[in-house]
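Written out below as structure tokens is the structure these notes cover.
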Amino acid sequence: MSVKGNSTLLVTGASGQLGSRVVELLLEAQVEPGRIIAATRTPEKLDRFSQQGISVRYASFDDHDSMLKAFAGADRLLLISTDTVGAADYRLNQHRGAVKAAEEAGVKHILYTSIVEATPTSAVILTADHYGTEQAMAESKMGYTALRNNIYADLQVFSLARAIQMGQLFSAAGEGKAAYVTREDCARVAAVTLADEFEGRRKFDVTGPEALSQADLAALASQISGKPVSYIPLPVEALIEGMVSAGLPRPAAEVYASFDVAIARGEFSKVSNTVESLTGRPPIRMADLLAAHREQLLGVTAG
Ligand SMILES: NC(=O)c1ccc[n+]([C@@H]2O[C@H](COP(=O)([O-])OP(=O)(O)OC[C@H]3O[C@@H](n4cnc5c(N)ncnc54)[C@H](OP(=O)(O)O)[C@@H]3O)[C@@H](O)[C@H]2O)c1
């Protein structure tokens, strides 16, 4: 990753998996630590960054004053979407508040971890938050970058571990495909675009290198484990009932199932060249990610 300019770069949610990796990548790219601000609700978890000269500051999207203080002096800000998924519009209001605070604090360019197909018609229940946040950025006076991430490939390790254990992969995605992308590639794209001094407005689809169906995933799980794994397509209602009877609260089951419906509709199938064109490195393939997590995939079987 090449670094230009001398803007002060801020990452919110800096103790999360994506946020902390973005900060590490900035350091690896030789961005001076004095130009980096790591904002988080848990500064005590980021001693390793403060010891390297990074300014670690408390900020919560639920506390406007904390954001104004933490964002002061930042030129470019990466807004990482929160994991607070629940009450209607709660997360969207958190993000709207963060966009407003960034503008008030004098941030010139804001970047946001959105989702592919961030439109009001998406089948994914959570997409309304991403669409609304993109709207808030567009209505601000700041330049912005929407990083429209596909589904994390990393999450498939958990579902495929279970599928290997059961010999069956259940999904309501039908024959639909998704261009799953690793969290690592999302972090690399976020770090590059945070540091690149671009001043206008842009959107990127951040995807993996290939679109895979559930049958493809079952075949990969089978190959890596050496055990048979069949894909069992289910109607969405049956998938939701299955998750609820396994103990998942119904609203959470409906959110998960909405991803399957969107995959079936083709919302996640587009493959982009964003990762390679921005980072200079091809995106990680699902087969390679799964091979790197072979023990975790098989661990469930052993347990
Ligand atoms: N593309 C996908 O498939 C996919 C999958 C899962 C999640 N996501 C989204 O991508 C985000 C980053 O992923 P991840 O893997 O890094 O998730 P993660 O490790 O669970 O991190 C959750 C993030 O939410 C932040 N957060 C929670 N409440 C907040 C608040 N009140 N104010 C400010 N920040 C708050 C946390 O920041 P601090 O703890 O540092 O304050 C942390 O960065 C997630 O939060 C979620 O919105 C995308």
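Each value in this text was obtained by applying a stated rule to the coordinates, not by laboratory testing. Nothing here was measured: the structure is a model prediction, and the numbers come from that model. Cβ placement follows ideal geometry from the backbone for every residue including glycine, while neighbour counts extend to all protein chains displayed.
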Inset, instruction - Would you kindly derive the ³J(HN,Hα) couplings of the range 93-102 from the backbone phi angles with the Karplus curve 6.51 cos²θ - 1.76 cosθ + 1.60 (θ = phi - 60°), listing them in order in whole Hz, with x for Gly and Pro? - result: 5, 4, 5, 4, x, 5, 5, 4, 5, 4
Legend entry - Quarter of Cα convex hull surface for the chain, i.e. mean projection, nm²: 15.3
Inset, instruction - Calculate the dipole size of the range 154-232 relative to its Cα centre from +1 charges on Lys and Arg beta carbons and -1 charges on Asp and Glu beta carbons; express the result in debye to the nearest 20. - result: 280
Inset, instruction - For the range 184-263, list log₁₀ I(q)/I(0) at each q in 0.13, 0.22 Å⁻¹, using the Debye formula over Cα point scatterers of equal strength and ignoring solvent, two decimals each. - result: -0.69, -1.05
Legend entry - Relative counts (whole %) of C-alpha pair distances in the range 30-102, using bins that are 5 Å wide: 3, 16, 25, 23, 17, 10, 4, 1, 0
Inset, instruction - Pull up the DSSP beta bridges for the chain and report the antiparallel fraction as a percent, rounded to 5. - result: 5
Inset, instruction - Set the Förster radius R0 to 22 Å, insert the Cβ-Cβ distance between Asp47 and Glu24 as r into 1/(1 + (r/R0)^6), and round the FRET efficiency to 0.05. - result: 0.95
Inset, instruction - Over the chain, calculate the relative contact order: mean separation of alpha carbon pairs under 8 Å at least 6 apart, over the residue count, as a percent. - result: 19
Legend entry - Net charge over other residues, Cβ less than 10 angstrom from the Cβ of Ile263 (K, R count +1; D, E count -1): -1
Inset, instruction - Work out Dmax and Rg for the range 9-149 from the C-alpha atoms and quote the Rg first, both in angstrom. - result: 14.5, 46
Legend entry - Sites Glu175 and Ala138, calculated FRET efficiency, Cβ-Cβ separation with R0 25 Å, nearest 0.05: 0.10
Inset, instruction - With everything on Cα atoms, drop me the angle between helix 183-195 and the longest principal axis of the chain, reported from 0 to 90° to the nearest 10. - result: 20
Legend entry - Packing-based exposure ordering (other Cβ within 10 Å, fewest first) of Leu126, Leu111, Leu77: Leu126, Leu111, Leu77
Legend entry - Residue-count net charge about Gly299 - beta-carbon cut-off 14 Å; Lys, Arg +1, Asp, Glu -1: +2
Legend entry - Tyr58/Ser245 FRET efficiency (R0 41 Å; Cβ-Cβ; nearest 0.05): 0.50
Inset, instruction - State, to one decimal in nm², a quarter of the convex hull surface area for the C-alpha atoms of the range 249-303, i.e. the direction-averaged projected area. - result: 6.2
Legend entry - Rounded tilt (10° steps) of 214-225 against the dominant C-alpha axis of the chain: 80
Legend entry - Net +/- balance of residues flanking Ala153 in space, Cβ distance below 10 Å, scoring K and R +1, D and E -1: -2
Inset, instruction - Please determine, in degrees from 0 to 90 and to the nearest 10, the orientation of helix 17-28 with respect to the longest principal axis defined by the Cα atoms of the chain, where the helix direction is its Cα long axis. - result: 50
Inset, instruction - Report, in whole Å, the centroid distance computed from the Cα atoms of the range 50-117 and the range 282-296. - result: 31
